[in-house]
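Asks: My questions will all concern the structure given below.
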Amino acid sequence: MQIINFKDLVNRYHSGESFVLFDTETTGLNTYHDDIVEVAGAIWEKGKEPKAFQELISVNMNKMTQGAWMVHKIPKADIESARNPDEVLSDFIDFCEDRPLIAHNIRFDFDMLNSNLVRSGLTPYQNDQVACSLAYAREQSMPGKLSNLADHYRVDLKKGNLHRAMYDVHVLMEIMNRMMKEHEPVDMQYSLIL
């Protein structure tokens, strides 16, 4: 995994490159053992309306830790009636089209995604260029927790359920949009004509 530095991300975003902001909700915190129960993503490109993907995944509910369930509170019946991991994850990878991924805690979500892909008989995600809003926040001495970072950027958290994958992606997109507005591309030069 190669984390894109913040200056490069700013330049790539302002030059029109597209990325996938994504989040997972899981049965626990062990990236090699636990399962994804919900995956969401949005294609993020400057000046374009985002395209979204969100789906629950059927998993063995016996693996669900109480702590994980207390975070996302996804109803058991909804998880049990969802499609199988190989189908959902294959569709998610098709949606991403090998774009660089961005997550708030990329090491967790990227490792969880690849572990679940392999256990589902699928190939790990091929683009290992990733970005991490948590790392960027820490580099700039901002709060690390997603909700605190949202407060810092005045993102309204009253509209949804934090710790559901699509809502977290929406919040992350608002934060990333505001981060990009604060930063101009590093190599661009402006001239003033009088």
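Asks: Hey, what's the chain come to in accessible area per residue, 1.4 Å probe, Å²? Mind dumping the intermediate values first?
Replies: Details: 10200 Å² over 194 residues.
With all protein chains present, the chain gives 53 Å² per residue.
Asks: Here is a follow-up. How high is the relative contact order of the chain, given as a whole-number percent (alpha carbon pairs under 8 Å, six or more residues apart)?
Replies: Values: 308 pairs, mean separation 51.9, N = 194.
So the answer I get is 27 percent.
Asks: Find which of Y153, V20, I4 sits farthest along the positive direction of the dipole of the chain, computed with +1 on the beta-carbon of Lys and Arg, -1 on that of Asp and Glu, about the Cα centre.
Replies: Of the candidates, Y153 comes out farthest on the positive side.
Asks: Need one number: % antiparallel among DSSP beta bridges in the chain, to the nearest 5.
Replies: Values: 14 of 22 bridges.
Expressed as a percentage, antiparallel bridges in the chain total about 65.
Asks: Next up: About the Cα centre of region 62-122, what is the dipole size in debye to 20, counting +1 per Lys and Arg Cβ and -1 per Asp and Glu Cβ, all else neutral?
Replies: 380
Asks: Using the crude model of +1 on Lys and Arg Cβ and -1 on Asp and Glu Cβ, and no other charge, please compute the dipole size for the chain relative to its Cα centre, in debye to 20.
Replies: The dipole of the chain has a size of about 580 debye.
Asks: Might you work out the accessible area of S90 for me, using a 1.4 Å probe with all protein chains in place, and round it to the nearest 10 Å²?
Replies: Here the accessible area works out near 40 Å².
Asks: For the chain, which whole-number percentage of the solvent-accessible area (1.4 Å probe, protein heavy atoms only) is attributable to carbon and sulfur atoms?
Replies: 48
Asks: At 37 °C and 0.692 mPa s, what whole-number value in µm²/s does Stokes-Einstein give for the translational diffusion of the chain, with Rh from the Kirkwood sum over Cα pairs?
Replies: 189
Asks: Below 8 Å, C-alpha to C-alpha, sequence gap of six or more: please give me the relative contact order for region 108-165 in percent.
Replies: In percent, rounded to a whole number, it is 15.
Asks: Sticking with this structure for a sec: What nm value, rounded to one decimal, do you get for the distance between D78 and S147 when each label is placed 7 Å out toward the C-beta?
Replies: 1.8
Asks: For the chain, the longest stretch holding no trypsin sites (Lys or Arg not before Pro) located in a DSSP loop with at most 10 other Cβ atoms within 10 Å is which?
Replies: Answer - 49-153.
Asks: Quick check on my link table: of K73/K181; K48/K76; K7/K181; K7/K48; K51/K76; K46/K73, which ones sit more than 24 Å apart, alpha carbon to alpha carbon?
Replies: K73/K181; K48/K76; K51/K76; K46/K73
Asks: Would you compute, from DSSP H runs of 4+ residues alone, the mean residue ellipticity of the chain at 222 nm, taking -39500 (n - 2.57) per run and dividing by the full residue count, rounded to the nearest 500? It would help to have the intermediate numbers written out before the result.
Replies: On the way: 8 runs with 79 residues, N = 194.
The helix-only estimate for the chain comes to -12000 deg cm²/dmol at 222 nm.
Asks: Also, I was wondering about something else. On each of the three principal axes of the Cα atoms of region 1-72, give max minus min coordinate, whole Å, ordered largest first.
Replies: 46, 25, 18
Asks: Sticking with this structure for a sec: Calculate, for N127 and Q66, the FRET efficiency according to 1/(1 + (r/R0)^6) with r their C-beta to C-beta distance and R0 41 Å; round to the nearest 0.05.
Replies: 0.75
The values are calculated or read from the model by the stated rules, or taken from the named source; none is laboratory data. Bear in mind the structure is a predicted one, so any value in this text is a computation, not a measurement. Glycine also receives a Cβ, built like all others from the backbone with ideal geometry; neighbour counts cover every protein chain displayed. Remember, those area values only see protein heavy atoms, side chains included, never the ligands or the DNA or RNA. Shrake-Rupley method; radii C 1.70, N 1.55, O 1.52, S 1.80 Å.
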